[in-house]
Amino acid sequence: MEGSMLGERIAAAGRWLTLLLALGCASCASLSPVQRDQALRIAEAARSTQISCQEPAGTCAQPSPLRELGTRAYGESVPDAPRHYALLLDYGQDALVARLNLIRSATRSIDLQTYIFDEDDAGHLVLDELLAAARRGVRVRVLIDQLSALRRVDTLAALAGVHADFELRVYNPVLGRGRINYPMYGLAAACCWRKLNQRMHNKLLLIDGMVGITGGRNYQNDYYDWSGVYNFRDRDVLVAGPVTTEMSASFEAFWNARRTRRIAELVDVGKRILRHGVPALPANDYELPARAQRMARDAGDQALVRQRLADAAIAVGEVEFIADLPRKHRRRNEDEVAPAAGRLRELVASAQSEVLLQTPYLVLSPPAQDLFRQLRARKPRPRIVISTNSLAATDAFIAYALSYKYKRRYLRDFGFEIHEYKPFPQDAPFDMEATGAVDIRWQADGTPVISESAPAETAAAPAGKDARPEHARPLGREYSALRWAGFSANKPVRLKRGGMRFGLHAKSMVIDERVGVVGTHNFDPRGDRYNTESAVVIADPAFAQALAASIRRDIAPANAWTIARRDKPVLFSGLEYSLAKVSEHLPLFDFWPVRYATSYEFKPGPDCPMPLPPNDPNFRRCYEPVGDFPEVHMGLKSLLTRIFTAFGAGLAPIL
């Protein structure tokens, strides 16, 4: 019997090995040069050349108050004194309206660069506008990182031959494909780990080379308040003026990079075209058609766009655009300090009074840690205020686990004041109606709860259940290494209550309320070493103060918990601290059960009218501890968080 069972196991293992080898061979299969050229010819021949606009170039474009900012900025600029207009886009609805309005205003060119482009309502709406622009004669170029490109091979194949003025390319295709599955990802991780993790994280929308938008947002419902379950609190900046020349040069570098591929050159897309020709573009079946129609209508409302957006733009002088280029991914450059990371460190080092830093994932590279140690040692030392996610709000619990591991270091060694974003913020720039959730009711504390009469995907979860159902599509991840991992690695943790949940995704910084930075860099090791990143730097007090006000709103008690040291134990507090510190420094086996810090909730009252920093003598009188993981259902994810705290230090470079 035992021999028979052993034989069966060996046979089963052999079958699995054969399957994996077959998948590997299929995954690595490539188009021959002849097949590639033929697929490209078929796609080119299928492209329509019909132009919907019969008037002179540009006359069919929609007038736009936002594009006018570019015309005005260029007109007011001289070589030694550039003029720019900058507009913070905090609300998801504003960010989408601005994009659609600008796309409609294009007369010559549209360049779009992004990490994620999904086939959901927001993605479809933007894609529709891009195709409409191409059909009226505007040159449209779209560049997407391959790991987060459109979901279906048929969509990619259709876009390869949709119109002569529209072209989509992908950056760094894994195994030379448009889409990969889990086994293919495993194969790529085994053979090409370094290349797999080198992703294009830059984000840019450039209209006629005059107006650009960059920041944290991708093209997916979650970034525009359009998810019925989980939305990102994010931020972009619109910039009009001469700095767009540098933005354009950055886009061109990626568009023509060696790792960039035309769609028809990809193995799966090319084979689809060779076998069946260029398919028709799949119909856009909007989940909520009325919402898409309202957004399209608002984007054409010039008075609304002017009043809500264009009139809020801030006139500034010089603007700096910093961007990593594709050469960051060459092996001989891997030990160099990338332009984006280097410039951001310079800005932090220049601080005299305060660094206000917002990042969704508080995992610092060794050079960044050294920099903050140096700031801590200064006399006088600048204040370092951090806005980041709580475990309840984050979409990346493994990254949070590493942040949790180093709370003592952040608070004591670096002097950080840390505020962790709540999953149900009470005063945040969101449009709840836009989410598509129905039957929203509000609790006494101002947090939303979705009634059980809502659709299954948005209904409030019973106690102990995940507010995001298991069948729901995973969130678009901002780092690749664990994007395809199991055990729900890319889903938020379970909470004690259901409702519309939010997580921080903005990447911004303010130095001394004189310099403001909005970009794509999470201030993490992945951004330093693997991802290419970009950011806009504006040395203008009015802009910096507006950005600071936005971040301070996110760290207000209504929207965030404050992280501070626990009360010292009555006995052996010094010994307990020393043992915890030793355990923290171990790369593995960090099993010390009590962490240095925990979360605190502000309790206003006659003696506590205003929030206080943790170093204030009255802090403990005005704040009460609410536990390490407030709002979190103490289930598997909490256990995994502690496991990764103990064993996950080696993952820091790829998080």
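The values are calculated or read from the model by the stated rules, or taken from the named source; none is laboratory data. Nothing here was measured: the structure is a model prediction, and the numbers come from that model. Virtual Cβ from ideal backbone geometry, glycine too; neighbours counted across all protein chains shown.
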Name the residue, out of 360, 366, 382, that is of a type outside the set (A, V, I, L, M), more than 30 Å from residue 494 (Cα to Cα) and touching a strand residue (DSSP E or B) at 6+ places or on another chain (Cβ under 9 Å).
382
Considering segment 80-138 alone, what residues qualify as being in contact with an Asp or Glu (Cβ under 6 Å, 6 or more places away or on another chain), not hydroxyl-bearing (Ser, Thr, Tyr) and not in a strand (DSSP E or B)?
82, 83, 92, 93, 95, 97, 100, 103, 106, 108, 121, 134
Taking the condition of being of a type outside the set (Gly, Ala, Ser) and either under 20 Å from residue 396 (Cα atoms) or assigned to a helix (DSSP H, G or I) (or both), how many residues in segment 506-531 meet it?
12
Of all residues in segment 400-424 being of a type outside the set (Phe, Trp, Tyr) and assigned to a loop (DSSP other than H, G, I, E, B), the one that is farthest from the chain's Cα centre (by Cα):
415
Do you know which residues across segment 193-242 are over 14 Å from the mean Cα position of the chain (by Cα) and either small (Gly, Ala, Ser) or assigned to a helix (DSSP H, G or I) (or both)?
193, 194, 195, 196, 197, 209, 212, 227, 228, 240, 241
Could you identify the single residue in 65, 79 that is out of contact with any His (no Cβ under 8 Å at 6 or more places or on another chain) and either surrounded by fewer than 16 Cβ atoms within 10 Å (Cβ to Cβ) or without any contact (Cβ under 8 Å) to a residue 12 or more places away in the chain (or both)?
79
Taking the criterion of being assigned by TED's automatic domain parsing to the domain that holds residue 293, assigned to a helix (DSSP H, G or I) and within 27 Å of the chain's Cα centre (by Cα), would at least one residue in segment 139-147 satisfy it?
yes
List pairs: first in segment 337-363 and in contact (Cβ under 8 Å) with a residue 24 or more places away in the chain, second surrounded by 17 or more Cβ atoms within 10 Å (Cβ to Cβ) and among the aromatic types (Phe, Trp, Tyr), Cβ under 6 Å, 6+ apart or cross-chain?
359/523
Filtering segment 148-178 down to residues that are assigned to a helix (DSSP H, G or I) and in contact with a Lys or Arg (Cβ under 6 Å, 6 or more places away or on another chain), which residue is surrounded by the fewest Cβ atoms within 10 Å (Cβ to Cβ)?
153
Taking the condition polar (S, T, N, Q), under 30 Å from residue 63 (Cα atoms) and not assigned by TED's automatic domain parsing to the domain that holds residue 359, does residue 198 pass?
no
Condition first: touching a Gly at 6+ places or on another chain (Cβ under 9 Å), among the acidic types (Asp, Glu) and either over 20 Å from residue 327 (Cα atoms) or modelled with pLDDT of 95 or more (or both). Can you find one or more residues in segment 544-559 that meet it?
no
Are any residues in segment 381-395 at pLDDT 95 or above and under 18 Å from residue 523 (Cα atoms), and if so, which ones?
383, 384, 385, 386, 387, 388, 389, 390
Scan 529, 497, 514 and give me the residue that is surrounded by fewer than 24 Cβ atoms within 10 Å (Cβ to Cβ), without any contact (Cβ under 8 Å) to a residue 40 or more places away in the chain and more than 14 Å from residue 214 (Cα to Cα).
514
When residues of segment 376-399 are limited to those that are in contact (Cβ under 8 Å) with a residue 40 or more places away in the chain and in a helix (DSSP H, G or I), the one surrounded by the fewest Cβ atoms within 10 Å (Cβ to Cβ)
397
